Amino acid sequence: MRSIYDIHLDTITAGKSYWNSSIPLEEELMYFLLIDRFHDGADRKSITSTTGFGDADALKARCGGNIRGVIKNLSYIHEMGFTSIWINPFLQNNPESYHGYAIENFLEVDSQFGTKDDIVELVAKAHELNMRVFFDVVLNHTGDNWSYIKNNPVYKNGNQYATKAWRYDNLPIPSELRDFNRYSRKGRVVKWEETPETWDGDIFELKDLIEDDTDAGLKNLDLMVAIYSYWFALTDCDGFRIDTAKHIHHNWLDEFIRQVKALAHSVGKKNFFVFAEIVGKRALIEQYKCIDGYLDFEFYFNGVQTLSGGQNHNKTLIADDAETAVLPIRFLDNHDQIGQMPKHRIAYKMSEYASVNILRALLLMPGIPCVYYGTEQGLKGRGRNDGAIRECLFDSKGQDDLLSRHSSYWKTIQQFSGFRKDWQMFRGNVSICSIEETKKIHSIALQISSLGSERYLIYNLTAYKEAVSIKLSPVITRTKKIVVYLYNEKPEVQVRIEEKGISISMVPYGFVLFELIDP
């Protein structure tokens, strides 16, 4: 296919049955992977290591992972308790790109990742395991498919720059994209928090598309609706993650979502889930009226620091989201590590036991927890380039992979994904408990309030015993409370109830979750 006019949705959907999950969306547990880095499908020996494969140079290029590697190892993901996977874009990319976000052909699977039959099979196999599959979709830009006359121009007062030439004679596809008037042509973004620069500027070398209510913007809307309606209709995927949504005008994106969801609904797909990458505060997120979920960067920037022992001057870590249908997706780290330099994974410079405790805490947080591939093996990547945190889970030059089910991280996810479901840890407020300190305390104490229950999560990040006294407000009444332990791997850890709060002696790297109930 070369044009959107080659797409015939009626033919694709005729007589086709579309799958629906039995799992409520708020109960999802998501695993995010990069196809090129996850697995290549070869028979390999799984080993345990916290160091991924690939040196700095190798990780700047393609490593050879493919869709068949994901299909072959779906059970590895499913057995941890994940109910969905989010995969990076798989469409034909610029040859130097491994990450999927530099698209040159929106109507074809990148040949190094696989085929259309492969992506259809991946979705079908995941559905057999009652797992949803979310596609990462790129609307804001195309790959580096043409050049400017000026070398590396930057955004300046909304001025347009003259274009030089197309990179290829027959790309990009659809052919409708071979029209410079569909592109903003204003150079790369410099001020990442200012509009209209964030809407109209190029993201590095990736060329920005016009997405507004002008004639060009509406043509691009029709184009993207056609493209991604095709991929939904063909594959029966369960939703989209919208890349760089902050760089797309909210009215334009809302209309895209309306039209795609209308198609999904018309063929019997219920709860087609669209979540967005919006790097900003809640006020910005609320401008996007049609999204079903969002990547919670406020939690990433502030909450993860709290879970890791950093200072947080706000008493509320997570506000209850029960009044809105928009679901937060919460994560410890990801493939970009925005705001960090050098970039590093959550387990970097942290003991295995401390990392495991933080992972346990994430899995008990309200919202949808999302685990970045390699976290389940405790990878410790760090560096100035993206490749440092996009390690390979397979040795492209050898016979090993890092898909070990013996990793303590893998086992932790398996165990706590079950607890999350058993204890219904899907909604609620999370408050930071006030700890009385006579010396530096390295234990974290959180109060999780949901559906009338009050649960307390306390864990120690160090190899030392700590006496922890937690103030409660209001103070505990004379009515005697009963401590109900939901999780306490160290029987010697005992909670003592006092008039003003709770006292507990935390063992090294201890982790306890309990409720206080009336007798």
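We did not get these values from a lab; they are worked out from the coordinates using the rules stated. These figures come from a predicted structure and were not determined experimentally. Cβ coordinates were reconstructed from backbone atoms using ideal geometry, including for glycine residues, and neighbour counts include every protein chain displayed.
Here are a few things to note about the model shown:
- Cα gyration tensor shape for region 1-139, rounded if a/c is under 1.5, else prolate or oblate: oblate
- Charge-dipole axis of the chain as Lys and Arg at +1 and Asp and Glu at -1 on Cβ define it, positive-most pick from S443, L402, N302: S443
- For V371, nonlocal amide neighbours, meaning residues 5 or more places apart or on other chains whose placed amide H falls under 5 Å from its own, are M30, Y31, F32.
- The Cα center of region 39-90 and the Cα center of region 262-290 differ in position by 28 Å.
- Interchain or long-range residues, amide H under 5 Å from Y294's placed H: A276, L327, I329
- In the set (1) 86, 61, 59; (2) 77, 50, 50; (3) 83, 54, 42, the label that goes with Cα extents along the principal axes in Å computed for this structure is (2).
- Dividing the summed helix terms, -39500 (n - 2.57) for each DSSP H run of n ≥ 4, by the number of residues in the chain produces a 222 nm estimate of -6000 deg cm²/dmol to the nearest 500.
- Put simply, the amide H of Y101, placed in the peptide plane, has no neighbours under 5 Å, leaving out anything fewer than 5 places away on its chain.
- Residue order for K191, K246, fewest other beta carbons within 10 angstrom first, comes to K191, K246.
- Working from Cα pairs under 8 Å separated by at least six residues, relative contact order for region 65-113 is 34 percent.
- Antiparallel bridges, percent of DSSP beta bridges restricted to the chain (to nearest 5): 60
- Over the chain, Cα pairs under 8 Å with separation of 6+ residues give a relative contact order of 15 percent.
- Rounded to the nearest whole Hz, the Karplus-based 3J(HN,Hα) values (6.51 cos²θ - 1.76 cosθ + 1.60, θ = phi - 60°) of region 7-16 follow the sequence 8, 10, 4, 4, 5, 5, 8, 4, x, 8, with x at glycine and proline.
- Kyte-Doolittle at least 0.0, axis length at least 27 Å by Cα - qualifying DSSP helices, the chain: 215-235
- Contact order relative to length of region 433-517, as percent, for alpha carbon pairs under 8 angstrom and 6 or more apart: 35
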